[in-house]
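The structure appears right after this line, and notes come after that.
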Amino acid sequence: MSPWNRRALCQAGLYALSSVWLVGCAQPQSRSAHTPSTGPWSGRIHLRVDDPDAPRSFAALFDLQGSADNGRLELSTPLGTLLARLQWSVGEASIETAQERRSAATLSALLREVTGEALPIDALFDWLSGVPTLAGGWQADLQQLDEGRLSATRTQPPPAAMLRILLNP
């Protein structure tokens, strides 16, 4: 091997090693309750309703943008098939599925159709932003939001419900 080839090989190895070292030293950004996130958010959502007569569960991947007043939510299966696309603004909301497109006056009404349960929309955006808001019997646990985990429980009114969100990094 010529001296030039050895030198080039050593330089390439040095560059590769320093790149690996820099990547290893990089600190992942974490969400903090002191610096609320404003989205967009994506990840997995799971809602379980413990109704003794008709227990139900809803799970999906999600992409969420905007606020409680104006935004967009896409729900899909783990394989990436779109379940529903919801869009809303003040006084208007619409949902599009593979079968149909329809409108309603509020996002809450459409989400109830999709998930089978009423969700506290304003509080949900607050929770995702790190703000511990109380809402209609729902209590959020934001202790693991830095790790991308959010859970909320509803005890009143019955039936009890559990909402879990796992955010993508």
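The values are calculated or read from the model by the stated rules, or taken from the named source; none is laboratory data. Small disclaimer: the values here were computed from a predicted structure and weren't measured. Positions of Cβ are backbone-derived with ideal geometry, glycine not excepted, and every protein chain shown enters the neighbour counts. Note: accessible area is taken over every heavy atom of the protein model, side chains too, but ligands, DNA and RNA are not part of it. Shrake-Rupley method; radii C 1.70, N 1.55, O 1.52, S 1.80 Å.
Based on what the data block shows, is SER67 of a type in the set (Ser, Thr, Tyr), out of contact with any Leu (no Cβ under 8 Å at 6 or more places or on another chain) and crowded, with 17+ Cβ neighbours inside 10 Å? It is false that SER67 is of a type in the set (Ser, Thr, Tyr), out of contact with any Leu (no Cβ under 8 Å at 6 or more places or on another chain) and crowded, with 17+ Cβ neighbours inside 10 Å.
Among the residues of the stretch 137-154, is there at least one that is open to solvent by less than 20 Å² (accessible area, probe 1.4 Å) and assigned to a loop (DSSP other than H, G, I, E, B)? Yes, the stretch 137-154 has at least one match. State whether one or more residues within the stretch 39-61 are under 30 Å from ALA160 (Cβ atoms) and at pLDDT below 90. Yes, the stretch 39-61 contains at least one residue that is under 30 Å from ALA160 (Cβ atoms) and at pLDDT below 90. Regarding LEU119, is this residue touching a helix residue (DSSP H, G or I) at 6+ places or on another chain (Cβ under 8 Å), closer than 22 Å to GLN87 by Cα, assigned to a loop (DSSP other than H, G, I, E, B) and touching a residue at least 24 places away in the same chain (Cβ under 8 Å)? For LEU119, the condition - touching a helix residue (DSSP H, G or I) at 6+ places or on another chain (Cβ under 8 Å), closer than 22 Å to GLN87 by Cα, assigned to a loop (DSSP other than H, G, I, E, B) and touching a residue at least 24 places away in the same chain (Cβ under 8 Å) - is met.
Of the residues screened, GLN99 is not one that is surrounded by 19 or more Cβ atoms within 10 Å (Cβ to Cβ), without any contact (Cβ under 8 Å) to a residue 40 or more places away in the chain and not hydroxyl-bearing (Ser, Thr, Tyr).
Results for (1) of a type in the set (D, E, K, R); (2) open to solvent by 70 Å² or more (accessible area, probe 1.4 Å); (3) part of a strand (DSSP E or B), shown as yes or no for each residue.
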| residue | (1), (2), (3) |
| --- | --- |
| ARG44 | yes, yes, yes |
| LEU47 | no, no, yes |
| PHE62 | no, no, yes |
| GLU74 | yes, no, yes |
| GLY80 | no, no, no |
| ALA84 | no, no, yes |
